[in-house]
1. So R95 passes all but one of these: (1) in contact with a Lys or Arg (Cβ under 9 Å, 6 or more places away or on another chain); (2) at pLDDT 85 or above; (3) charged (D, E, K, R). Which condition number does it fail?
2. Suppose the filter is surrounded by fewer than 24 Cβ atoms within 10 Å (Cβ to Cβ) and either among the small types (G, A, S) or at pLDDT 85 or above (or both); does A535 pass it?
3. Is it the case that some residue within the stretch 324-333 is surrounded by 19 or more Cβ atoms within 10 Å (Cβ to Cβ) and modelled with pLDDT under 85?
4. What tally of residues in the stretch 227-239 results from selecting those that are under 22 Å from the mean Cα position of the chain (by Cα) and surrounded by fewer than 18 Cβ atoms within 10 Å (Cβ to Cβ)?
5. Scan the stretch 349-369 and tell me whether some residue there is among the hydrophobic types (A, V, I, L, M, F, W, C), over 21 Å from V519 (Cα atoms) and at pLDDT 85 or above.
6. For the stretch 490-501, state whether one or more residues are touching a Ser or Thr at 6+ places or on another chain (Cβ under 7 Å) and within 25 Å of V402 (Cα to Cα).
7. Evaluate the following for A311: is it at pLDDT 85 or above and loosely packed, with under 13 Cβ neighbours inside 10 Å?
Amino acid sequence: MLNRIFAYGNRTGWLVLAVLVLLILLPLAAVIVQVLLPGVFFGNWELGDLSLLLDVFKRPLWYQSLKNTLLLGLGTTLFATIIGGALATVRAQWRFPGARLLDLTVWLLIITPSFILAQGWVMFASANGLARQWFGWDWMHSVVFTPGGLIAVMSLSKFPFAYLAVHSALEWKVDRLGEAARLNGGSPWTVWRTIQMPLLLPAYCSGAMLVFMDTVGDFGLPASIAAVFRFPTLPYSIYSALYTSPIRFDMAGVLSFYLVLLISIAMSIQFYVLRKSRFDFLNARATRAEPRSLAARGKWGLTAVNVVLVALAAGIPFGSNLLTSVTQSNSSSGASFTFDHYRKLFENGGQLAGGLAHSLEIAGGAALVGLVVGFFVSYVLTYSRFALRQTVDVISLISLAVPGVVLGIGYIFIWNQAWLEKIGLLLYGKPAILILASVAGAIPVITRVLTGAMAKVPAGLLSAAQMQGAGFGRRLATIMVPLLRGALVSAAMAAFGASVFDLATTSILFPPNFMTLPVVINKAFEDLKFGYAAAATLTGGGVVIGLIMFIEWALRPKKSKRARRGGI
C-alpha cells in the first residue's frame, strides 16, 4: 500500500502539492486563522473575539469599505459583462473595419496593471487635469470622481474578461437551432434572447465571475484614486491597516476574511448555475463561426462605435500618461511641452533606476522559480495518475482568485515567525519574500500555458524513452523541454511581465530601502507628482517590454538554415 502511495509518479505529485500548499494555501489559511486566533503567529494562543467580525457593520471605515467594494464589484460586473458580451457577439458575427484594433485593445487592457489605467484617468479628469487644460471641460472631475463614474471607469477596464469568455464560446455555431426559431416567426432579437443567450450562459457566468473577482480584489484603482478622491475599498483599507501606527492586524484580518468571502460566494453562485442545466449543444453539424459582411451603413456604424470605445478604454488612460509626461502645467500660460519629468527620473540619485533594477531582479527570480514549479504542476496534471490531481489543479488556480493584498497579509503571518530566524528562513523584510509572493501569483498563468502545450505531447514518447532506460530527468531534458521550448519561453515572459508591475504584494511586502518600480510610480502619484509618475510609467514600461521582446527573440526556437532554404 505504502509503495503504491509513494510510487515515483505519486512522489512528484506529493512534492508539487506540498510546494503549492506552502506558497498559496498556507498564507491564505493564515489570514483566516488570524481572525480566530489573533495572536497565534506572535506566540499568543488566546481565542479571538469573533464579535469583531460583526464590527464591520458598526465601524464606519470598515462598513464603508465593504459597501464600496460591493457597489463597485456588482456595478462593474453588470456593465462590463454587458459591454464585453455585446462586443464579443458583434465581433463574432460581423466583419467591420477596426475589428483587429478591438482585439488589440482587449489584450492591452488585460496585460496593463490597473493602477496605470487608473492613473491615466486621474491625470485626465482631476480638477486641473488634461480635460480641463486642453478642452475646458470643468465638469469632467465631478462626473468621473463619483461612485457611478468609478464604476464606468472600472467597466471600461474590466470588460475584456467578459469579451474573451463570450468570444471563445462563439467560435462554433449550430445554425439549425436559430433557423428553426426563425421558421416559426421569431425575430433576430427573439432568437438571440431565447436560444443563443441561454446557451451562452456558462460563458457569461465565467466572464462575470472573472470581472467580479478582479474588481473586488483590485488594489490599483483605489490606490490611484485616493490621491484625489476618497473611496475606500477592502483591498485599500487592508493596505492602510498595515501602514498605520500601531499596525492593525485585527482590521487587516477581518477585512481580508470578508474579501475572501465575497469571492467564494461569487464562485459558488457560478458553480450552482452551471450545475442546474446542461449546455452541450454542439454536434457533428457544428461549423466554425465566420464574421459576415454588412451593408455600408451598418459597417461604418459599428466602426464608429468601436473607435469611440477604444478611445475611451485605451486612448484616455494611455494618452493621458503620454501627454502628462511631456507637459508642464503653468498657472499663467497653461500647459507647455517639456522633457523635465524624464530628466528628473535620473537626477540626484533618482529612485527609478534602483526601483526598476529591483523589480527586474524580483521578476527574473519569480519567472525562473515559477517556471520550474509550474512545469511540474503541469506535468502532474497531464501525465501523472496522482490521486489528488484535482486538488493540485484547484490550488494552482486559487492565487488567480485571491487578491494580492490578502496573499501579502498571509505571507507576513507565515514568514515573520521568530523561530524561522534560527534556521535562516525569516524572510519578512527581505527581497526573497517578494520572489515567493510573485511565484504564487504567476503559477496560474504558467500552469495554464504549459498544460495546454503538454497536452499535445503524447505520453507514448515518454514511455518509449523510459523503456530504453532513460531516467525521469533525462526524459524531461531530451523530450519535454525541446518540444515545449516555445511554450516555456511564453510562460516565463508572461510571469516576468506580471511580476514587474505587481503593485499589491510589493506595496505590502517590499523591504525598507528596497523600492520597486510600481511602488516608485505609486508613491510619486500619491505625492501628486503626476508628470514624474507618468514619465516613470512609460520609461519603466518601455524598458520591460523591450527586454521581454529581446529575450523572446533570443530564446525562441529558430528555423535551421536548411529549413529556411526549403521554404519550411
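The values are calculated or read from the model by the stated rules, or taken from the named source; none is laboratory data. It should be emphasised that the depicted structure is a prediction, and the values quoted were computed from it without experimental measurement. Here the Cβ is made from the backbone with ideal geometry for all residues, glycine too, and neighbour counts use every protein chain on show.
1. Unmet for R95, out of (1) in contact with a Lys or Arg (Cβ under 9 Å, 6 or more places away or on another chain); (2) at pLDDT 85 or above; (3) charged (D, E, K, R): (2).
2. Working: surrounded by fewer than 24 Cβ atoms within 10 Å (Cβ to Cβ): no; either among the small types (G, A, S) or at pLDDT 85 or above (or both): yes.
When the stated conditions are applied, A535 does not pass them.
3. Yes, that holds for at least one residue.
4. Within the stretch 227-239, the subset under 22 Å from the mean Cα position of the chain (by Cα) is 231-239.
Imposing the further condition that a residue be surrounded by fewer than 18 Cβ atoms within 10 Å (Cβ to Cβ) reduces the set to none.
Total meeting the criteria: 0.
5. Checked the stretch 349-369: at least one residue is among the hydrophobic types (A, V, I, L, M, F, W, C), over 21 Å from V519 (Cα atoms) and at pLDDT 85 or above.
6. Residues of the stretch 490-501 touching a Ser or Thr at 6+ places or on another chain (Cβ under 7 Å): 499-500.
Retained after the next criterion (residues that are within 25 Å of V402 (Cα to Cα)): 499-500.
Looking for residues that are touching a Ser or Thr at 6+ places or on another chain (Cβ under 7 Å) and within 25 Å of V402 (Cα to Cα), one finds at least one in the stretch 490-501, hence yes.
7. Numbers: at pLDDT 85 or above: yes; loosely packed, with under 13 Cβ neighbours inside 10 Å: yes.
It is true that A311 is at pLDDT 85 or above and loosely packed, with under 13 Cβ neighbours inside 10 Å.
Yes/no per residue for (1) in a helix (DSSP H, G or I); (2) of a type in the set (F, W, Y); (3) free of Cβ contacts under 8 Å to residues at least 12 places away in the same chain:
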residue: G410; (1), (2), (3): yes, no, no
residue: F413; (1), (2), (3): yes, yes, no
residue: Y428; (1), (2), (3): no, yes, no
residue: A437; (1), (2), (3): yes, no, no
residue: R448; (1), (2), (3): yes, no, yes
residue: S463; (1), (2), (3): yes, no, yes
residue: L488; (1), (2), (3): yes, no, no
